[in-house]
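Scroll down for the structure; my scribbles are underneath it.
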Amino acid sequence: MVKKMKLKMANIIPYKKAKSQLSTIEKIGQFFMPAVFINDTEEEIQKMERLIAENGIGSICFFHSRASAATNYEGKKKVLYNANSLDKLKELISRYQAASKYPLLIAIDAEWGLAMRIEETPQYPYALTLGAIQDKALIAKVGMAIGDDCQEAGIHWNLCPTIDINNNPNNPVIGYRSFGDNPEDVYEKSRAFISGMNKSGTLNSIKHFPGHGDTAVDSHLGLPRIDKSKQELLTNELYPFKKLIDEGVDSVMVGHLAVPSISKSNTRSSTLSKPIITDLLRNEFKHSGVIITDALNMHSVSKLYDTKGQLEWEAFEAGNDVLCFAEHTAEGIELILQNATATQIEASFERFWNLKEKGLGTKTNSHSVDYDTIMKQLAKETLTLVKGTDEGIKAIREAKFEYIQIGKTTDTFFSKNIHTNKTETANKVIALFPPEMKPTQNFGLKKNEIERVNEVLSSNNCILYLFGNPYALDLFHWKDASSIVVAYQDFEAFQENAINHFNGQVTAKGQLPVTLNNTTP
């Protein structure tokens, strides 16, 4: 687990007193959240130190490396492994804090733990996996564990959870990051996750307002559009946002997507839409906390402007308080200074400074959540019997059966511990390990692998254990199988629990968080 680190930062009392001393330019600088990278060169680090010092930056958001940043979301550049990322993170936090006149608010996107950005740190299940859990107290425990890890690393603000309702199986950017496709379930499970993070003292940010689930375009690369009426959105996409905002959240992140029924524009991103941010989120939904943009370097918005700083100004003018991944800081500050009213600057500054005081001032004791123990609990509570019965599985287990593994050619915990005579028989047990969690290119499965699974499923005497995204089942004639069991992840604890289930030692407690096709392909 991560080790605790003491940061060298200004005492919180004089920091609060300094609030009235900031100039207008310094207040505007607080709105900017540039991206910082753990694997940067010394030259790039020094450049960022100067940017922070010269522009009165209020917060920074950590990414692993420039090759893994938002515009490289599909991994077109090679990302090098760095086993020392956590130590480097701590070192950089200390350096950047020292470069700032006022303590920085440190942010990261750690939806499933610091491992999302930092090697050799705990990785927890994806939100879609947590969506299968009925015990919300366990989801809260995951939120607390991730929050604790953030705190111990020196991070104050975890830019999650994703509360988008994933009602489009082909969504290339949300999918497994969502708790599911039912608005009430998404609300309740994200609420539990947030309660755990709150207990750790880590700030939250619900995203991607007004709802990124029903899209088939990756907003890192282009601008998705949702053509639904406002009433449809209120009963679906907007439902968990409204409920959680009513209860109080630290911040709301606005997504890069066009929603014409609200913005009155077919091409205007929500991130730049005053009707969506100011009129709906701020005035109608009464959100009094911070509003933050999704990363402004994403191609859906970053390619719109030739004038440096214009994107930052228009995002602020629309009602955002924090400009995440702002790339043109000095120019953006100048345009905001020239064009924004004193009232808007003061209101945004007040909201952000209050968030800063909360994030920097919250001190909690680390909670003892043993990683191996919680992973075993999660494995037991998520395993889902989609089709078939325990009796049907027992019948095949006690007869002769052939074991078939698809998606991985090496031995797995599941393959090493399933007892089979490996003789060819009508009874089959398939362990399916899709290489990818995203639907792009059939979850990484090859055409011959899909054909092989369908061929085996047609025997009807087949049990399929899926260690991946349940949407992958729609690639197959899955209703032909006698039993379908979804384990969601290929962590060893999840494979061990699946073996125990096959052996009749545990029952499947999870419920499928998404709807599969009603007809076989």
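The values are calculated or read from the model by the stated rules, or taken from the named source; none is laboratory data. Because the structure is a prediction, the values reported are computed rather than measured. Ideal geometry is used to build each Cβ from the backbone, glycine not excepted, and the neighbour counts take in all protein chains shown. Just the protein is used for accessible areas: all its heavy atoms, side chains included, with ligands, DNA and RNA removed. Shrake-Rupley method; radii C 1.70, N 1.55, O 1.52, S 1.80 Å.
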Can you send over the carbon and sulfur percentage of the accessible area for the chain, probe radius 1.4 Å, protein chains only?
46 percent
With unit charges on the beta carbons (Lys and Arg positive, Asp and Glu negative) and the dipole taken about the Cα centre of the chain, which residue among His328, Asn448, Val259 sits farthest to the positive side?
His328
Rounded to the nearest 0.05, what FRET efficiency do Ala426 and Leu80 give with R0 = 56 Å and r taken as the Cβ-Cβ distance? Could you check?
0.70
Can you tell me the accessible area per residue over the chain, all protein chains present, probe 1.4 angstrom, in square angstrom?
40 Å²
Extension gain, Lys479 back to Glu247 (0.36 nm per residue minus Cα-Cα distance, nm)
79.4 nm
Using θ = phi - 60° and Karplus 6.51 cos²θ - 1.76 cosθ + 1.60, couplings along the stretch 299-310 (whole Hz; Gly, Pro as x):
5, 4, 10, 5, 8, 7, 10, 8, 7, 5, x, 5
Gain in length, Ala115 to Asn266, computed as 0.36 nm per residue apart minus the alpha-carbon separation, to one decimal in nm?
50.7 nm
Ordering Leu114, Leu335 by how much accessible area each has at a 1.4 Å probe, largest first, what is the list?
Leu335, Leu114
In whole Hz and in residue order, list the ³J(HN,Hα) couplings for the stretch 424-429 that follow from phi through the Karplus curve 6.51 cos²θ - 1.76 cosθ + 1.60, θ = phi - 60°; x for Gly and Pro.
6, 8, 6, 8, 10, 10
To the nearest 20 debye, what is the magnitude of the charge dipole of the chain about its Cα centre, counting +1 on the Cβ of each Lys and Arg and -1 on the Cβ of each Asp and Glu?
620 debye
Step through the residues of the stretch 183-190 one at a time and calculate ³J(HN,Hα) from phi using the Karplus curve (6.51 cos²θ - 1.76 cosθ + 1.60, θ = phi - 60°), rounding each to whole Hz and writing x for Gly and Pro.
x, 5, 5, 4, 4, 5, 7, 5
If the cut-off is a Cα-Cα distance under 17 Å, which aspartates and glutamates reach Lys380, setting aside same-chain residues fewer than 8 apart in sequence?
Asp135, Asp370, Asp372, Asp390, Asp490, Glu492, Glu496
Say R0 is 22 Å: what FRET efficiency, to the nearest 0.05, do Gln338 and Ser288 get from their beta-carbon distance?
0.20
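Kindly provide the helix-only [θ] at 222 nm of the chain, computed as the sum of -39,500 (n - 2.57) over DSSP H runs of four or more divided by all residues, to the nearest 500 deg cm²/dmol?
Dividing the helical sum by the residues of the chain leaves -11000 deg cm²/dmol.
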Distant-in-sequence amide H partners of Phe37 (H built 1.01 Å from N, under 5 Å):
Phe63
Cα→Cβ-extended label distance, 7 Å offset, between Ile25 and Glu346, nm:
2.1 nm
What relative contact order, as a whole-number percentage, does the chain give when Cα pairs under 8 Å and 6 or more residues apart are counted?
14 percent
Using the Cα centre of the stretch 221-365 as the reference point, and only Cβ charges (+1 on K/R, -1 on D/E), how large is the resulting charge dipole? Debye, rounded to the nearest 20.
360 debye
Show the residues, 5+ positions off or on another chain, whose built amide H is closer than 5 Å to the amide H of Leu203.
Trp157, Asn158
Let's see if you can work this out: charge +1 on each Lys and Arg Cβ, -1 on each Asp and Glu Cβ, no other charges. What is the dipole magnitude of the stretch 86-222 about its Cα centre, in debye to the nearest 20?
440 debye
Looks like the stretch 388-521, by Cα gyration tensor root eigenvalues a ≥ b ≥ c and the a/c under 1.5 rounded cutoff (else prolate when a/b is bigger than b/c, oblate otherwise), is rounded
